[in-house]
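What follows is calculated from the coordinates using simple rules that are stated; it is not laboratory data. All figures in this text were calculated on a predicted structure; none of them were measured in a lab. Every residue, glycine among them, receives a Cβ derived from its backbone with ideal geometry; neighbour counts consider all protein chains shown.
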Amino acid sequence: MKYVLDAGAIFSRIDIDAAHTTAAVCAEVRDRESSQHLERLLASRKLVVREPTPGAVSLVRRTMGRTGDGLSETDIGVIALAHDLSGHIVTDDYGVQNVSSLLGIPWSPTKTAGIRQTLSWCLRCTGCRKRFPPDWSEGVCDVCGSRLARSKR
Ligand SMILES: [Zn+2]
């Protein structure tokens, strides 16, 4: 499971392994304590900085246009990176959660990230309707190959 953190997740001092974020998020972290937390995560390799692909960025832009959610360039990059990595977003931002759901990207609020049992949703195949756990890493159905979307348990 790869987690993608937005700036809010870093401000909340979240500490999980296999986390990713973008350079734009790091640039938004300016207060001293959050910066030190960020430095520790980067130094321990718990957090890796990566950039989203241009294709994923334009996919997120198109999806955002359908919802009317106003997202910053940083938000768009975070969602696009989660899409590239078939990852799981950690965010408290309603707009980011909304667009991620439409793209079938699982997410958690910062309070419950990493606590699998508290998730009240699962992934469901858009083709054959098979259910998958929220941390299913393949991104597509192992039966029919269709895209997975978020669904209530
Ligand atoms: Zn299927």
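So here's what we get for this one:
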item	result
Using θ = phi - 60° and Karplus 6.51 cos²θ - 1.76 cosθ + 1.60, couplings along the stretch 6-14 (whole Hz; Gly, Pro as x)	8, 4, x, 5, 6, 4, 7, 6, 5
Gyration tensor (alpha-carbon) shape descriptor, the stretch 1-151, a/c threshold 1.5	prolate
Charged-residue dipole, Cβ positions (Lys, Arg, Asp, Glu), the stretch 3-108 about Cα centre, Debye nearest 20	200 debye
Charge dipole of the stretch 3-108 about the Cα centre (unit charges at C-beta), most positive-ward option of Leu59, Asn98, Gly77	Leu59
Mean Cα-pair separation over length for the chain, i.e. relative contact order, pairs under 8 Å, 6 or more apart, %	22 percent
At R0 = 35 Å, FRET efficiency that the Cβ-Cβ distance of Lys152 and Arg61 yields, to 0.05	0.80
Efficiency of FRET between Glu73 and Arg32 - r from beta-carbon atoms, R0 41 angstrom, step 0.05	0.95
Förster radius 41 Å - calculated FRET efficiency between Thr126 and Val49 (Cβ-Cβ, nearest 0.05)	0.80
